1. What residue among ASN57, ASN84, ASN152 has the largest mean-square fluctuation in a Gaussian network model of the chain, using Cα springs under 10 Å?
2. Give me the tail of P(r) for the range 43-202 as a percent: Cα-Cα pairs with distance above 26 Å.
3. What is the extension gain from TYR75 to VAL109, computed as 0.36 nm multiplied by their sequence separation minus the C-alpha to C-alpha distance, in nm to one decimal?
4. Step through the residues of the range 103-117 one at a time and calculate ³J(HN,Hα) from phi using the Karplus curve (6.51 cos²θ - 1.76 cosθ + 1.60, θ = phi - 60°), rounding each to whole Hz and writing x for Gly and Pro.
5. Relative to the Cα centre, what is the charge dipole magnitude of the chain, using +1 at the beta carbon of each Lys and Arg, -1 at the beta carbon of each Asp and Glu, and rounding to the nearest 20 debye?
6. Under the Karplus relation 6.51 cos²θ - 1.76 cosθ + 1.60, θ = phi - 60°, what is the ordered set of whole-Hz ³J(HN,Hα) values for the range 44-53, x standing for Gly and Pro?
7. Can you tell me, using C-alpha contacts under 8 Å and at least 6 residues apart, the relative contact order of the range 47-169 as a whole percent?
8. Return the calculated 222 nm mean residue ellipticity for the chain, to the nearest 500 deg cm²/dmol, obtained by summing -39500 (n - 2.57) across DSSP H runs with n ≥ 4 and dividing by the residue count.
Amino acid sequence: MRAKFKFKEVISIDILIEGIASLLSLTCVILAAQNKIANWPVAILASLFYAYVFYQNRFFSETYLQFIFIGFQSYGWWFWSSLNPQKTEKSIQHTPRNYRLLLLLGFSVFYLTWFFIYIRINPDARLPLLDCFLTAVSITALFMQAKRWIENWYLWILADILYVPMFIVGDQYITASLYFIFIGLATKGYFMWKSEMKKASN
């Protein structure tokens with residue numbers, strides 16, 4: 001009886017942590033869509049909680065991704081803050097042409113390299129091909145978001161669409177529901193950034 005109670009207690013704690021992580025992630029996406037700097041510290045907290053959630057569900061690439069996220073999120077926090085001497089020059093803009101091919105090349109090299117490393121160090125991982133692909137897409141999108149390149153929202157929409165079935169397979173129904181909501185929020189974020197970019201150009 002005692003063993004069963006402990007097992008149920010662990011289950012409830014995992015669900016609670018996933019719920020907190022989902023709430024923090026939802027908040028940071030809303031703040032990012034509003035172009036508010038507060039999205040970055042909230043995102044860092046969400047990544048810490050989700051590192052635990054994904055590890056428990058054997059989505060190891062997503063676990064590692066959370067710590068990479070924290071690095072990018074810290075950079076984004078600085079990049080958007082008054083500590084950045086060039087902050088006033090960094091308005092929302094389209095991805096520069098000379099970066100587009102580099103982004104595609106960097107994404108491809110990272111994805112293929114990481115996949116072959118990942119399947120060797122985590123042979124029991126769930127859906128490694130998709131997990132690694134979404135890791136590469138998310139890192140690229142986060143880099144573009146930190147740079148305030150509006151096309152980052154295209155990548156987030158793609159990632160969110162693919163994350164939903166992946167998390168359903170992993171029995172993470174709270175997170176799957178959250179990422180379904182993210183599809184709409186990312187779409188809204190794109191149009192909000194587009195409107196702000198248009199106002200700035202005028």
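The values are calculated or read from the model by the stated rules, or taken from the named source; none is laboratory data. Note that the coordinates shown come from a computational prediction; the quantities given were computed from them, not determined experimentally. We place every Cβ from the backbone using ideal geometry, glycine too, and count neighbours over all the protein chains shown. Areas reflect the complete protein model, heavy atoms only, side chains present, ligands, DNA and RNA absent. Shrake-Rupley method; radii C 1.70, N 1.55, O 1.52, S 1.80 Å.
1. Result for the chain, Cα springs under 10 Å: ASN84 fluctuates most.
2. When all Cα pairs of the range 43-202 are counted, 29 percent exceed 26 Å.
3. Values: separation 34, 0.36 × 34 = 12.24 nm, distance 2.24 nm.
Length gained between TYR75 and VAL109: 10.0 nm.
4. With coefficients 6.51, -1.76 and 1.60, one gets 5, 5, 5, x, 4, 5, 5, 5, 4, 5, 5, 5, 4, 5, 6 Hz.
5. Details: 18 positive and 11 negative charges, 78 e Å.
That gives the chain a dipole magnitude of about 380 debye.
6. Running phi through 6.51 cos²θ - 1.76 cosθ + 1.60 with θ = phi - 60° gives 4, 4, 4, 5, 5, 5, 6, 4, 5, 4 Hz.
7. Numbers: 114 pairs, mean separation 38.1, N = 123.
Value for the range 47-169: 31 percent.
8. Working: 7 runs with 162 residues, N = 202.
Only helices count here, giving -28000 deg cm²/dmol.
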